Amino acid sequence: MSKEDQELLEQNGEIVNNNHEPQPEVDVSHPREDGFQHEYDEEFWRKVRCRQSQGLSWSKAMDLISVERLAQKYRDNGELESEDPALVMLKQWPASKQYKENPDRLLGLEQKINNLLEIMLESELNANNKYQTFRDKKDKARKTLLHYASELGFLQVTRTFVEKFPVLLTMQTEVVRKKRTMLPVELALVSGNDEVAAYLIRMMWHDRVQMLFVWRPFNMTNPQPSFFSFKSIIENSKMQKTVLAVLDQMMLPHWPHLPKRKDSYENEKEKEVVEGAWRTITDDPLDYHFYYHILDGDEGGRPPKVLMLEGHGQTDNKYFNWRDKSCLHVIAKNRNKARIEFFKKMIILCLEALQHPVVRMLIKTKWKSYGHFFLSLQAALCVFFLLCLSYSLLSASTTVDPTQYGGEADSQRGVCEIFTLIMVVFYVCEEINQMRLEGNSYFTEWMTLFDWSGLLLILCIIPLRYTQSKAQWLVASLAFLFNFLRIFKFSCLTRTTGLYTKTLAKIILHDVTRSMAVFIVIFFSFCGALSLSLCYSDENQQFSDFGDVLLSGFRALSEQRPIADDYSNFNWLSILLMMAYMGIVIVILLNILIAQMSTTYSKARNVARLEYDVDRILQLTRMERFPFLNLRVKYYKEGDWISEMKLAQDLLEFNEDRNPWESVEEKLTAIRDMMRKMVKQMRPGIR
């Protein structure tokens, strides 16, 4: 053996002695860590070096020799289908003990398997496109190779098969006992392989994808729920890419005057003509058809309305469960859930789902149909309730005994009080109904604190008033405050108030709370030290106790005034503490807070539009689930044709970064750029 060959074998851990002693046999029942069932012997490396000398890379040469050995072993075993190299790689290698105990190694194994498969698909092993119809006959479900790749979550291998054999997307397993047939994408969904499921969904026809998430009526004789619940997938934090892929398939780009594509053609000429026409399409469709039935359906995929038997018009679907949360509602709630749990990646994907054109256009459609009107009606009723509450409380505060109703003014106050109590009972019943429908998610909304505080405090006034307790005015004061704060729940009534309120809330939540936490530490430490230092001065009369010190310290922040007007009666340490406190609180903390608020405002303004959309979704779904109105069924719309111009007008309306004097052509260019990214991901050239 030459010196070069000796060094080559040493580098790869297979040292061959000078006497060329035979290598010890390897038990093939225990695969090597790379998953191969053969040994890297001297002959293997000699062939690799030979291929490398022909201009191939080291890794490519190793892959070629590995495929040759796998093919030779396959032929030596009599070319049994159960020993097919591709099947062995996808079925036996990942199931070996070393990969079950160390799942992290599967990523490297996937890359290696994909490299070998790319060679196999171009070799004699794939003669007559054998792997296009290949099935595992020893498996009861007779899975294809794409089924195994999808179930394992091997994205690269899945891409390789789909690009080579698109027909594999439509091949199903066989029925096993009570288990139904399944497509590769269904195995990916069941296994929770997000990236693989998202890729397969984008590669399939939109109608086939939608069939997975809509009910199966069977001519209304025995309706069955959908195979998969889109609501459950949205709620699964590990399947957010799949959510976006499904939303993409609810948007069908339309190019007019194109022949209809088929899964199989009668002859090659027909296929060449049809596929050739589709390859000439531009990246910018003239319009789109948006499907809303999955987003608006119940948990079983049942739509609110169905077509009549005659095919003209729609009728209410008696199987539809209006109490189920719509997928639109879950998308909005999922955003809040991700924000609470601080899943950064999940938040980004939830933002993409909220910004998806299908979601945005459905919100816009519902808002124009009934949302704005009914919310305006609720806001007007709330304003009238607040006016009655104000008059009844302020009028009662001017009377000696508010329990007596003698004159005309007292009678008017009594009428306002009765109307106020009726509205309180109505609002309490409404909140209880929402609590019943939403469950634990009801308590995640901060507005519920104002709702219940304001309503319960009004009810507490009644017993306090008739027991002649002066505490009624303290309770009335808080009730007045909390009930007026409830008006913010209608801030999304207009774009201006909605965006401003969301920006203000984010500033208060992020900056003011953090600044107050720092202030509290400084506040108590300095006030405690000042109170103790004052004990040294016997002539101090400005502070009677520790409470006065705390009050003065807090007024220094809120009113920006000195703790004391005259420092002549204080000792040197007290003066030093007061000056240090004033400098830290007024000069440093307040200026830092102002700077933080400025930064937060610029960031919050960019996401306020999404928060505004979330508020509108929650308001819409709350109206839809209100008894007797039946808005979700009454205003149901299965889909709509959307032009580029309409998309530009509706999707760019809340973008504050855009020039208000932007031309129509500039808006169309912007919307085309946005839509082109999604269209390219699901270009039908491969399907």
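Quick look at the numbers
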{"read-out": "Among the listed pairs Lys333/Lys603; Lys231/Lys368; Lys100/Lys325, those beyond 31 Å (Cα-Cα)", "value": "Lys100/Lys325"}
{"read-out": "The stretch 49-77 and the stretch 587-610: distance between their alpha carbon centers, rounded to Å", "value": "62"}
{"read-out": "Exposure rank, largest accessible area first [Cys429, Cys327; 1.4 Å]", "value": "Cys429, Cys327"}
{"read-out": "Viscosity 0.890 mPa s, 25 °C: Kirkwood-radius Stokes-Einstein D of the stretch 81-122 over Cα pairs, µm²/s", "value": "228"}
{"read-out": "Neighbour cut-off at most 12 other Cβ (10 Å), DSSP loop, GluC sites (Glu not before Pro), the stretch 93-184", "value": "Glu122"}
{"read-out": "Stretchable slack from Lys470 to Leu509, in nm (0.36 nm times residue separation minus alpha-carbon distance)", "value": "10.6 nm"}
{"read-out": "P(r) histogram, all alpha-carbon pairs of the stretch 510-597 included - 10 Å bins from 0, percent", "value": "17, 52, 24, 7, 0"}
{"read-out": "For the stretch 61-180: rounded, prolate or oblate by the Cα gyration tensor [a/c cutoff 1.5]", "value": "rounded"}
{"read-out": "Nearest-10 value in Å² for the accessible area of Ile508, using the 1.4 Å probe", "value": "80"}
{"read-out": "Separation in nanometres of the label points that stand 7 Å from Cα toward Cβ, at Asp401 and Lys238", "value": "7.1"}
{"read-out": "Cα gyration tensor, the stretch 347-429 - rounded (a/c under 1.5), prolate or oblate", "value": "prolate"}
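The values are calculated or read from the model by the stated rules, or taken from the named source; none is laboratory data. None of the values given here were measured: they were computed from a predicted structure. Positions of Cβ are generated from backbone atoms using ideal geometry, with glycine treated the same way; all protein chains shown enter the neighbour counts. Surface accessibility is based on the protein's heavy atoms, side chains included, excluding ligands, DNA and RNA. Shrake-Rupley method; radii C 1.70, N 1.55, O 1.52, S 1.80 Å.
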